[in-house]
Amino acid sequence: MDFLEFDGIEHRVFEDAWSREELAAVLPGINGINTWVVELNSHIVGYLMAQEGADVVHLLNLAIDLPWQHRGLGKKLLNFYLDTLPKDSEVNLEVKRSNWPAIHLYINEGFTESNILPRYYADGEDALVLKKEIC
Ligand SMILES: CC(C)(COP(=O)(O)OP(=O)(O)OC[C@H]1O[C@@H](n2cnc3c(N)ncnc32)[C@H](O)[C@@H]1OP(=O)(O)O)[C@@H](O)C(=O)NCCC(=O)NCCS
């Protein structure tokens, strides 16, 4: 996978993008972390990263590059990934409280709020913890 493509998307879509070191730590696929990508014309335009335990999955990152947003790709990638998970898995994720596009996506796909983590992010914003049981 082309590390620079991930780095470029990460900085275009997130104000608090993962650093190159953070990306480098997850991309090789260690510690049960898997990355799924959307490719168009041999270029990565989106990705989903998740850490998979025995029954619990932590969705670490989901991004669609700016020019490709609002075309259904985020929803498709998320559902494609969820369909790969065994029945009875639990999926958890954190999302910024102000990130309405992402929250809408997750709620529409059956995630529910399970917790709030005050000042979870570096800029002091709270995280919503969302979860979904795969059935
Ligand atoms: C969140 C993100 C992955 C959604 O991907 P996308 O391809 O743009 O979204 P889709 O076109 O598949 O839309 C799917 C759903 O997301 C929600 N959504 C997407 N953009 C939205 C917006 N601007 N406002 C409100 N809801 C929005 C809607 O529920 C939409 O479903 P609908 O069109 O049936 O209403 C994308 O906007 C993104 O990369 N954002 C920046 C990174 C980020 O915040 N990632 C999530 C971190 S937890």
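Solvent exposure of the chain, expressed per residue, is 58 Å² of accessible area, with all protein chains present and a 1.4 angstrom probe. Each residue of segment 125-134 was assigned a 3J(HN,Hα) from its phi angle through the Karplus expression (A = 6.51, B = -1.76, C = 1.60, θ = phi - 60°), giving 6, 6, 9, 8, 9, 10, 9, 9, 9, 7 Hz with x at Gly and Pro.
Within segment 32-135, the trypsin sites (Lys or Arg not before Pro) that combine a DSSP coil assignment with at most 11 other C-beta atoms in a 10 angstrom radius are Arg71, Lys87, Arg119. Normalised by the number of residues in segment 1-94, the average gap of Cα pairs under 8 Å and 6 or more apart makes the relative contact order 23 percent. Taking all protein chains as shown and a probe of 1.4 angstrom, Glu133 keeps an accessible surface of around 100 Å².
For the chain, DSSP calls about 85 percent of its internal beta bridges antiparallel.
Solvent-accessible area of the chain (1.4 angstrom probe, protein heavy atoms only): carbon and sulfur portion equals 52 percent.
When the residues Ser89, Ser42, Ser98 are ordered by accessible surface, computed with a 1.4 Å probe over the protein chains alone, the sequence from largest down reads Ser42, Ser98, Ser89. For the residues Phe3, Phe111, a 1.4 Å probe over the protein chains yields an accessible-area ranking, largest first, of Phe3, Phe111.
The values are calculated or read from the model by the stated rules, or taken from the named source; none is laboratory data. All of these numbers come straight from a predicted model, not from anything done at the bench. For neighbour counting, all protein chains shown are included, and Cβ atoms are generated from backbone atoms with ideal geometry for every residue, glycine included. Calculation scope for accessible area: heavy atoms of the full protein, side chains included, ligands and nucleic acids excluded. Shrake-Rupley method; radii C 1.70, N 1.55, O 1.52, S 1.80 Å.
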